[in-house]
Amino acid sequence: MLSELLRQVKARPILSIDDEDEVMRLSKSALLINADLLVAWNVRKEILLRHDRALAGSSPSERTLVWVRERSFLDLLFTKHPKMQEAWYHR
């Protein structure tokens, strides 16, 4: 299921908010199990950057919240996989 959603993200540059939330949720689960999934890292990065561009006119606190959530996820991931280069590059 995750691989299908990841293919959809690559095929369709614009996803609905629900689809993006689903991809973020599934990629988070997959990365907690196996942090070597480069496709999951890249898709997360694309979605985060898309959110950041969409919130460009918003208040700084709204933009910061997206990145704080991702940073919290990375902190959790580093407790399980402290030496994963992919996670450090994503950070």
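FYI, it's all coordinate maths here, none of it is from the lab. Just so we're clear, the structure is a prediction, and the values are computed from it rather than from any experiment. As a convention, Cβ positions derive from the backbone with ideal geometry for all residues, glycine included, and neighbour counts pool all protein chains shown.
A few comments on the model shown:
- Projected label distance in nm at K83 and A54, using a 7 Å step from Cα toward the beta-carbon: 3.8
- Relative exposure of F78, F73, judged by other C-beta atoms within 10 Å (fewest first): F78, F73
- For region 66-81, backbone nitrogen atoms closer than 20 Å to the point 7 Å from I33 Cα along Cα-to-C-beta are found at 73-74, 76-81.
- Fewest-first sequence of K80, K28 by Cβ atoms within 10 Å of each Cβ: K80, K28
- Computed from the C-beta positions of W67 and N42 and an R0 of 25 Å, the FRET efficiency is 0.90 to the nearest 0.05.
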